[in-house]
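The values are calculated or read from the model by the stated rules, or taken from the named source; none is laboratory data. Predicted model only: the values in this text are computed from it and were never measured. Glycine also receives a Cβ, built like all others from the backbone with ideal geometry; neighbour counts cover every protein chain displayed.
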2 protein chains.
Amino acid sequence: MTKFTQDMALAQHVEACGIRFAYRRFGISAYRRLGGPERLPLVFFQHFIGTLDDHDPAVSDAFAADREVILFNNAGVASSSGTVPGTIEAMARDAITFIDALGLTTIDVVGHSMGGLVAQEVALARPELVRRLVLVGTGPRGGEGIGALPAWVAELFTRKYERQEDMWLPILFAPTQTSQAAGRAYVERIITRADRDAPVSDQSIAAQRAALAAYGKHKDPSYAHLKGLELPVLVVNGSDDIVIPTINSYILQQFLPNAELILYPDAGHGAHFQYPALFVRHARIFLDD
Amino acid sequence: MTKFTQDMALAQHVEACGIRFAYRRFGISAYRRLGGPERLPLVFFQHFIGTLDDHDPAVSDAFAADREVILFNNAGVASSSGTVPGTIEAMARDAITFIDALGLTTIDVVGHSMGGLVAQEVALARPELVRRLVLVGTGPRGGEGIGALPAWVAELFTRKYERQEDMWLPILFAPTQTSQAAGRAYVERIITRADRDAPVSDQSIAAQRAALAAYGKHKDPSYAHLKGLELPVLVVNGSDDIVIPTINSYILQQFLPNAELILYPDAGHGAHFQYPALFVRHARIFLDD
């Protein structure tokens with residue numbers, strides 16, 4: 001039976017190269033729809049410390065109305081087995097293993113934050129696999145301040161909360177009344193699901209942190225590798241991203257051969273969670289035209 | 001009779017403060033539409049050396065399908081009487097005179113290039129007059145390289161062509177096959193109209209050039225005056241604007257209190273003429289939501 005929303009989608013698993021990947025797959029698949037244009041599955045690449053539960057249902061379910069959506073934990077993350085590798089490039093190889101295991105030959109991708117870095121490396125390594133790429137709150141290899149958080153931002157990731165998901169409020173949203181209210185609505189959306197994913201282990205978090213730091217250190221002011229990403233890219237961010245500074249989104253647009261940039265006001269690293277309906281409208285125009 | 005497209009709209013005139021302003025007003029006015037939401041007139045502010053004829057019908061007519069569109073020559077420009085003043089702020093006062101003369105109390109605005117500078121000053125001087133503002137290929141007062149064109153760009157504005165409208169190809173479009181092809185399509189659209197507007201006099205061009213140079217020299221790295229523009233703003237540009245460098249669009253987004261930024265790939269100073277359908281979709285989402 002086709003599941004149309006994330007909350008109806010049970011966790012599934014697929015095994016490849018010794019890794020058991022956990023994923024959720026839902027929405028209307030192309031062969032089931034009548035009349036409408038054929039659309040590729042849309043695969044979401046998750047951020048630092050993120051699990052299946054941290055994908056915003058307001059985003060994923062809106063896309064799922066007319067295409068398949070796939071959320072997954074990469075190797076070593078939460079309920080997936082295996083080990084988080086120490087580089088973004090190796091994470092990309094794991095992600096390719098997962099996509100290949102599903103038998104998919106062409107996909108569209110939404111990558112957020114660290115997931116956007118991994119998604120870029122997937123598209124570089126396997127250009128025929130990714131048709132269009134949406135990059136949210138992310139930046140280029142060697143970008144400004146990537147994996148080198150200011151102390152006050154790094155500290156935000158270590159705070160303990162009664163409801164731990166509240167950690168995302170100062171990280172993903174701007175310090176304004178409107179943005180924080182949107183953030184609380186996002187947290188309410190991601191905590192409603194009953195069967196929760198496993199948390200990310202401390203060891204996995206440390207490996208992700210090391211991979212981010214290494215990725216940020218590959219400096220090349222000409223960003224020559226971005227010329228290899230010839231696919232259409234939509235770059236999205238908030239006006240003041242404290243995790244991967246917003247200037248990196250501008251740099252991506254300027255150095256990628258075919259990229260559109262959209263920056264939202266009064267928003268931070270999780271701008272698409274703040275404006276889910278607007279983001280989905282913009283992304284649909286980009287993906288479907 | 002309501003005219004629905006620019007080519008059906010005869011030039012009209014309104015006189016105020018001793019100036020006879022030429023304008024075209026067309027599209028579906030709010031009181032004539034049945035059922036749809038009420039929309040404000042959309043007033044276009046024109047670029048350096050631009051006349052009524054240089055507005056892209058593919059843009060203006062698409063908006064005119066469900067709102068009124070107003071194109072006008074500011075004081076001293078083409079078929080309007082009067083003198084072009086030597087500052088952007090004075091041009092804004094003239095534009096306000098025109099809008100007041102039409103009896104309009106609230107409008108939406110699309111300002112392109114110099115028109116975007118004038119539109120900002122109108123919204124600063126009369127905040128209640130402008131509800132929403134779309135700024136294309138423009139920048140802030142004191143922005144980077146405003147009114148200080150590199151010699152090779154300044155030269156592009158002095159070239160003579162068999163078909164003079166072809167001057168816009170290297171100025172408004174990127175030096176790529178795709179962008180130049182879009183540019184030629186734009187030129188074909190703007191030359192179809194039979195009853196042509198008057199050209200802009202050399203004296204008026206010189207005054208516009210002086211106003212641009214003065215506006216660019218008002219340096220303030222904090223762009224404090226932009227805090228006074230509290231209305232929602234949509235900033236749009238191409239990836240490489242050689243007339244008002246693209247970084248100015250980023251600066252506008254970063255310093256305005258409530259601005260969204262959209263940058264298009266493979267495009268220059270006339271990005272909205274290159275992607276008229278996409279631009280109108282994006283601008284409609286911004287204006288109508």
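For segment B:123-146, the tally of residues that are among the small types (Gly, Ala, Ser) and under 16 Å from the mean Cα position of the chain (by Cα) stands at 3. Within segment B:40-67, the set of residues being outside any loop (DSSP other than H, G, I, E, B) and of a type outside the set (D, E, K, R) comprises B:Leu42, B:Val43, B:Phe44, B:Phe45, B:Leu52, B:Pro57, B:Ala58, B:Val59, B:Ser60, B:Ala62, B:Phe63, B:Ala64.
Of all residues in segment B:249-273, which are out of contact with any strand residue (DSSP E or B) (no Cβ under 7 Å at 6 or more places or on another chain) and either buried (at least 24 other Cβ atoms within 10 Å of the Cβ) or aliphatic (A, V, I, L, M) (or both)? Result: B:Ile251, B:Gly270, B:Phe273. Just one of (1) at pLDDT 95 or above; (2) buried (at least 22 other Cβ atoms within 10 Å of the Cβ) fails for A:Ala9. It is (1). Restricting attention to segment A:202-225, the residues that are hydroxyl-bearing (Ser, Thr, Tyr) and over 19 Å from the mean Cα position of the chain (by Cα) add up to 2. Take the conditions within 14 Å of chain A (Cβ to nearest Cβ) and at pLDDT 95 or above and apply them to B:Val243. Does it pass? No. Restricting A:Gly228, A:Gly183 to those that are buried (at least 21 other Cβ atoms within 10 Å of the Cβ) and at pLDDT 95 or above reduces the list to A:Gly183.
Here's the yes/no breakdown for (1) in contact (Cβ under 8 Å) with a residue 24 or more places away in the chain; (2) among the small types (Gly, Ala, Ser):
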{"residue": "A:Leu10", "(1), (2)": "yes, no"}
{"residue": "A:His13", "(1), (2)": "no, no"}
{"residue": "A:Arg20", "(1), (2)": "yes, no"}
{"residue": "A:Ile28", "(1), (2)": "yes, no"}
{"residue": "A:Glu38", "(1), (2)": "no, no"}
{"residue": "A:Ala58", "(1), (2)": "yes, yes"}
{"residue": "A:Phe72", "(1), (2)": "yes, no"}
{"residue": "A:Ser79", "(1), (2)": "yes, yes"}
{"residue": "A:Leu104", "(1), (2)": "yes, no"}
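Just give me the residues in segment A:100-114 being over 17 Å from A:Ile262 (Cβ atoms) and surrounded by 24 or more Cβ atoms within 10 Å (Cβ to Cβ), in sequence order. Result: A:Met114, single match. If you go through segment A:102-136 and pick out every residue that is of a type in the set (Gly, Ala, Ser) and touching a Leu at 6+ places or on another chain (Cβ under 8 Å), you end up with 4. For B:Arg67, the stated conditions hold: it is buried (at least 21 other Cβ atoms within 10 Å of the Cβ), more than 19 Å from B:His269 (Cβ to Cβ) and charged (D, E, K, R).
Assessment of segment A:125-136 against the conditions (at pLDDT 95 or above, touching a Lys or Arg at 6+ places or on another chain (Cβ under 9 Å) and either surrounded by fewer than 24 Cβ atoms within 10 Å (Cβ to Cβ) or assigned to a loop (DSSP other than H, G, I, E, B) (or both)) yields at least one matching residue.
None of A:His225, A:His282 is part of a helix (DSSP H, G or I) and more than 10 Å from chain B (Cβ to nearest Cβ) except A:His225.
Applying the set (1) farther than 25 Å from A:Phe157 by Cβ; (2) assigned to a helix (DSSP H, G or I); (3) in contact with a Leu (Cβ under 8 Å, 6 or more places away or on another chain); (4) within 11 Å of chain B (Cβ to nearest Cβ) to A:Ala277 leaves exactly one unmet item: (3). Scanning segment B:168-205 for residues that are part of a helix (DSSP H, G or I), more than 24 Å from B:Thr246 (Cα to Cα) and of a type outside the set (Ser, Thr, Tyr) yields a count of 6.
Among the residues of segment B:95-105, not a single one is outside any helix (DSSP H, G or I) and either closer than 25 Å to B:Phe279 by Cα or touching a Gly at 6+ places or on another chain (Cβ under 8 Å) (or both). Annotation: of all residues in segment A:33-64 being of a type in the set (D, E, K, R), in contact with a Lys or Arg (Cβ under 8 Å, 6 or more places away or on another chain) and surrounded by 20 or more Cβ atoms within 10 Å (Cβ to Cβ), the one that is nearest to A:Thr97 (Cα to Cα) is A:Asp53.
Within segment A:233-266, the residues that satisfy the criterion of being over 17 Å from the mean Cα position of the chain (by Cα) and in a loop (DSSP other than H, G, I, E, B) are A:Ser239, A:Asp240, A:Leu256, A:Pro257, A:Asn258, A:Pro265, A:Asp266. Beta carbons closer than 9 Å, at least 6 apart along the sequence or on distinct chains, never pair a first residue in segment B:250-270 that is at the interface with another protein chain (Cβ under 8 Å from one of its Cβ atoms) with a second that is modelled with pLDDT under 95 and buried (at least 23 other Cβ atoms within 10 Å of the Cβ). The C-beta contact set for segment B:138-167 (first residue in a helix (DSSP H, G or I), second residue exposed (fewer than 15 other Cβ atoms within 10 Å of the Cβ), distance under 7 angstrom, 6+ apart or interchain) comprises B:Glu165/B:Ile191; B:Met167/B:Arg159; B:Met167/B:Tyr161.
When A:Pro232, A:Pro199 are checked against the criterion of being within 30 Å of A:Ala9 (Cα to Cα) and within 14 Å of another protein chain (Cβ to nearest Cβ), A:Pro232 stands alone in meeting it. The residue of segment A:202-222 that is farthest from the other protein chains (Cβ to nearest Cβ), among those that are over 23 Å from B:Ser249 (Cβ atoms) and of a type in the set (S, T, N, Q), is A:Gln203.
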